1. Return the sequence-ordered ³J(HN,Hα) values of the stretch 101-109 in whole Hz as given by the Karplus equation 6.51 cos²θ - 1.76 cosθ + 1.60 applied to θ = phi - 60°, using x for Gly and Pro.
2. In nanometres, what is the gap between the two model label sites at GLU42 and ASP129, each 7 Å from Cα along Cα-to-Cβ?
3. About the Cα centre of the stretch 66-179, how large is the charge dipole given +1 on each Lys and Arg Cβ and -1 on each Asp and Glu Cβ? Please answer in debye to the nearest 20.
4. Once you place label points 7 Å from the Cα toward the Cβ at GLU243 and GLU72, how far apart are they in nm?
5. Grab the eigenvalues of the alpha-carbon gyration tensor for the stretch 130-253, scale each by 5, take roots, and send me the semi-axes largest first in whole angstrom.
6. Placing unit charges on C-beta atoms (Lys and Arg positive, Asp and Glu negative, everything else neutral), compute the dipole magnitude of the stretch 182-248 about its Cα centre in debye, rounded to 20.
7. With a point put 7 Å past each Cα toward its Cβ, work out how far ASN216 is from LYS81 in nm, to one decimal.
8. Give me the percent of Cα-Cα pairs in the chain that sit more than 34 Å apart, rounded to a whole number.
Amino acid sequence: MQKTKHHYGLCALSVIPIRANTDQASEQLSQLLYGDVFKITEHRKDWNKIRVFFDGTEGWIKKNQITPLSKEVYKDLKAQKTPAHSSDLIAFVSHTNSQLTPVLIGSVVQNAKTLGHHFEGELVSGTMDKDHLVPTALQYLNAPYQWGGKSPFGIDCSGLVQMVYKINGFRLPRDAKEQANEGEVLSFVEESSPGDLAFFDNGEGEIIHVGIIMQNNHVIHAHGCVRIDRLDQTGIFNVEKGEYTHHLRVIKKIL
């Protein structure tokens, strides 16, 4: 008997890596967090290719990590404009059998009821004021850098920016070069306000890094870990190294 092929899914685990290929050792493009919904676009033996609803990221996840959804439920979950997110670094959802699953900051805990789970922790919903962005970013301070990561256990520069805005009710693309297409250009660092974004390029002019501007010419960004450094019109200055580590390309006002 042929097995049913599902076309929609929900992340019921704390974190699921999204891979570039059907191989556990392949590049991690991004991550699903608890409550994320996605469309399944291709089926292989042990893997499914997915497209994440929130930001359109496409990649491969293990088939046994998928909790299938009907088309109707998928549409209902997609229709949520500003779903509730976990605001604790780590909280839990409880199952009917008393089992607990950890959920990380930024997880879409509003979808817990779809899974028959009960969320135990603090949450945030709706769109927040701009002055909430930097305090949210500070919750990730010292989180280790991880390519494709979106959690306090490992996060990259654009993942940090996307998650901070997501928790506060705003949607940004996944990659820094796509995020740089959003918002209004500011000419000088002095024109910026906390929560604006600073983008940095390489020698070829390609956007390769992004950070969130703070008060007093500082920036919080993921480089080695989530850290705070000085920012000026040249770029990011690392006081410990006594040198500039990133060249400033453009400043964008998103909100």
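No value in this document is a laboratory result; all are computed from the given coordinates. Note that this is a predicted model, so its numbers are computed, not measured. A quick note on method: Cβ atoms are made from the backbone with ideal geometry, for glycine too, and the neighbour counts reach across all protein chains shown.
1. Residue by residue, the stretch 101-109 yields 10, x, 10, 9, 3, x, 5, 7, 6 Hz.
2. My value for the distance between the label points is 4.7 nm.
3. Taking the Cα centre of the stretch 66-179 as origin, the dipole is about 400 debye.
4. It is 6.2 nm.
5. In descending order, the three semi-axes are 18, 17, 15 Å.
6. Dipole of the stretch 182-248, to the nearest 20 debye: 320 debye.
7. 3.9 nm
8. 19 percent
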